[in-house]
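Have a look at the structure below before the remarks.
The values are calculated or read from the model by the stated rules, or taken from the named source; none is laboratory data. Keep in mind that this is a model prediction, so the values were computed, not measured. Note that each Cβ is placed from the backbone with ideal geometry, even for glycine, and that neighbours are counted across all protein chains shown. Heads up: the accessible areas ignore ligands, DNA and RNA and are worked out on the full protein's heavy atoms, side chains in. Shrake-Rupley method; radii C 1.70, N 1.55, O 1.52, S 1.80 Å.
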Amino acid sequence: KLEKAWREILTEFDVLVAARIEAQQDQGLIPRFPAYPIAVALNRMDAYVFIHRFGHHPRASDQDTLDALTRVWCLTL
């Protein structure tokens, strides 16, 4: 049940992020590419990083983690 709920939550984020990517593509802000697979990859990366960096002690620096994820997202999009 937990795995199913987790998958459903991630899938909702995938749909939302893909829609946002497509909206920004329509506005000419980012280049065209298949939005959904990129959304899935970025969301899964985020989930893993959050679990890895904050799911145990000692926890990582919030700012370092945010900076790393922001850089990956910006360079990807």
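How much accessible area per residue does the chain have, counting only protein heavy atoms and a probe of 1.4 Å, in square angstrom? Could the numbers behind the result be given before it?
Numbers: 5830 Å² over 77 residues.
So the chain comes to 76 Å² accessible per residue, rounded to a whole number.
Leaving out ligands, DNA and RNA, what percent of the accessible area of the chain is carbon and sulfur, probe 1.4 Å? That share works out to 63 percent. Taking Lys and Arg as +1 and Asp and Glu as -1, the other residues whose beta-carbon sits under 15 Å from that of residue 67 total -1.
The value of relative contact order for the chain, using C-alpha pairs under 8 Å at least six residues apart, is 26 percent. Mean residue ellipticity, 222 nm, helices only, the chain: the sum of -39500 (n - 2.57) across DSSP H runs of n ≥ 4, divided by residue count and rounded to 500, is -27000 deg cm²/dmol. Within the set of other residues whose C-beta is less than 12 Å from the C-beta of residue 39, count the net charge using Lys and Arg as +1 and Asp and Glu as -1. Result for the neighbourhood of residue 39: -2.
Kindly rank 30-39, 49-58 from highest to lowest mean number of other beta carbons found within 10 Å of each residue. The partial results should precede the final answer.
Working: 30-39: 13.9, 49-58: 10.5.
Output ranking for 30-39, 49-58: 30-39, 49-58.
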